[in-house]
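Have a look at the structure below before the remarks.
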Amino acid sequence: QLAQCPPWAPPDESLFPELPPLLHGHPDLHLRNGILSAAASSDSDGERAFFVADLTHVYRQHLRWRACLPQIQPFYAVKCNPDPYVLRLLAALGAGFDCASNGEISHVLGIGGIHPSRIIFANPCKAVSFVRNAAKMGVDTMTFDNADELYKIARAHPRAQLVVRILTDDTKALCQLGIKFGAPLATVPGLLAKAKELGLTVVGVSFHVGSGCYDPSVYTDAIMRARTAFDMGAEAGYRFSLLDVGGGFEDALFEQAASCLTEAIDTYFPDRSGLKIIAEPGRYYVSKAFSLATNIIARRAPLNESPAALSELPSVMYYINDGVYGAFNCILFDHQIAHPYVLCMGDSFHIPSDEPLHTSSVWGPTCDSIDCVCPTAQLPRALRVGDWLGFDNMGAYTICAASQFNGFQVSKVVYTTGGFGSSEVRSILAKFAADIECAASL
Ligand code: PLP
């Protein structure tokens, strides 16, 4: 039997260190030592879950990119997290954008100040109306991997600049994309011959090693295949000028991936005159930039019939106010494992290190039993309704695919800039906003 929950009161404001200035108005956010330590009190009930987006992290990832891969221009994969501030910041930093639909293209162009040439329509299987709309919006660079796509493009956007997406080894990735996209090398000469016959312009080659790539050596093999595709292009009468190395970059392995890529590009593309190299990173930029604060809205003793697969049975079930139909859809779609930690317990942010832990399970708020955030987690025994659990690395493939199933709203985002680069981010964003305003008034 669980002890009865005390009524919850918002944590005492005097416990908080001085608030950092915020970009976006929520006076309820607290960052300590760059680590999220937050509580929400801006909604009337003081319990709604919320993301904290640290835009400085996005900025620092961009500096890291430029340091490690100076010859490759990132085209941020919008699908990963189309957050408007992330897009604005990356636009201001000179990135391009990988869009998969008309909606994403409109979203990016709607920011203002972004020329359509900074967009690659990187979806090899597009509705014909999408191709037509891309033409209207001035987006010319687009991928293909099959002959039907060439017929569609010949009809709807004959002056498109085409990029053939080839199949590469994606077996070393969390999310494999090769079962759906990518032309096997053996089919490329036929596709290029068809493109020629239809009078289309093919400008280069793209690939994707799979999202969440955990073995960067696959980039070497992919570049080798891209070289072969370039040679096939020459044989078909094209002179390719674009190499797109896709996404798949994992934060922890980024330097390794960058060195594999750099070495392979040096080996297989020693003469790079007239060659533009781009990439489509998504999670690399945003995964660690977003954390999620969730409120424990209920708890109960576990059911007797817990899954047999669990070696240690949870002794308490916590229900939080975001779940797999919301931000934690990444558990189902992106093969992620959520790791909760205590943000605030009772009125305290200081969880004593000797606080006894017990095996718990953490569940989302909907009425569906698939809505399990963590089948087992070690959490302090004293957690109560009203306490807060935090989750880091929540920026990639979370908000973008969250639903409102059962009437639960998608968690809001509060923005901050913290640590090294904070003032640069603020002035970059302010200048970008001023430039857009100025252009709009002309
Ligand atoms: N480009 C394309 C065509 C994709 O399909 C994806 C992800 O699915 C990405 C880029 C982004 O990949 P990642 O987030 O692993 O960098």
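None of the figures in this text is laboratory data; all of them are computed from the coordinates on show. None of the values given here were measured: they were computed from a predicted structure. Cβ atoms come from the backbone with ideal geometry, glycine included; neighbour counts cover every protein chain shown.
Quick notes
- Label-point separation in nm, LYS276 to LEU303, each point 7 Å along Cα→Cβ: 5.5
- DSSP bridge pairs, region 56-286: antiparallel proportion in percent, nearest 5: 5
- Rounded to the nearest 10 degrees, the inclination of helix 218-235 to the longest alpha-carbon principal axis of the chain is 20 degrees.
- Rg/Rh (Cα only; Kirkwood hydrodynamic radius) as it applies to region 223-271: 1.05
- Point-charge dipole on Cβ atoms (K/R +1, D/E -1) for the chain, about Cα centre, debye to 20: 1420
- Computed from the C-beta positions of PHE269 and LEU313, the FRET efficiency with R₀ = 60 Å rounds to 0.60.
- Dipole of region 56-286, positive end: most advanced residue of PHE269, GLY233, ALA127 [Cβ charges, Cα centre]: ALA127
- Computed over region 56-286: relative contact order in percent, which uses C-alpha pairs under 8 Å that are six or more apart: 21
- Along the chain, longest interval not containing exposed GluC sites (Glu not before Pro), exposed being DSSP loop plus at most 16 other Cβ atoms within 10 Å: 19-304
- Cα centre as origin, Lys/Arg/Asp/Glu Cβ charges: region 56-286 dipole, Debye: 780
- Efficiency of FRET from Cβ geometry, GLN256 and CYS175, R₀ 22 Å, rounded to 0.05: 0.70
- Computed from the Cβ-Cβ distance with R0 of 35 Å, the FRET efficiency linking SER217 to LYS196 stands at 0.55.
- Against the chain, whose longest principal axis comes from its Cα atoms, helix 55-68 is set at around 40 degrees.
- Each part gets one Cα centre, and for region 320-357 versus region 145-168 those centres are 44 Å apart.
- Computed over region 141-193, the Cα gyration tensor eigenvalues convert (square root of 5λ each) into semi-axes of 23, 12, 8 Å, ordered from largest to smallest.
- Free of any trypsin sites (Lys or Arg not before Pro) that DSSP assigns to a loop and that have at most 14 other C-beta atoms within 10 Å, the longest stretch within the chain is 1-158.
- In terms of other Cβ atoms within 10 Å, ILE119, ILE72 run from fewest to most in the order ILE72, ILE119.
- When the square roots of the Cα gyration tensor eigenvalues are ordered a ≥ b ≥ c, the ratio a/c for region 333-411 is 1.5 or more and a/b exceeds b/c, which makes its shape prolate.
- Each label point was placed 7 Å from the Cα along the Cα-to-Cβ direction; for THR376 and SER423 their separation is 5.0 nm.
- About its Cα centre, region 359-442 has a charge dipole of approximately 220 debye under the convention of +1 per Lys or Arg Cβ and -1 per Asp or Glu Cβ, with nothing else charged.
- Nearest-ten-degree value, helix 128-137 long axis tilted from longest Cα axis of the chain: 90
- Here's the picture: charge each Lys and Arg Cβ at +1 and each Asp and Glu Cβ at -1 in the chain, and of CYS367, LEU243, GLY419 the one pushed furthest to the positive end of that dipole is LEU243.
- Summed over qualifying helices (DSSP H, 4 residues or more, each -39500 (n - 2.57)) and divided by its residue number, the chain shows a 222 nm mean residue ellipticity of -8500 deg cm²/dmol.
- Length-normalised contact order for the chain - Cα pairs under 8 Å, 6+ apart - percent: 21
- Isotropic mean projected area of the C-alpha convex hull, region 168-212 (nm²): 3.6
- Rg and Dmax of region 301-442, based on Cα coordinates, read 19.5, 69 Å.
- Square roots of 5 times each gyration tensor eigenvalue, C-alpha, the chain, largest first, Å: 44, 24, 20
- Shape category assigned to region 56-286 from the gyration tensor of Cα positions, a/c cut at 1.5: oblate
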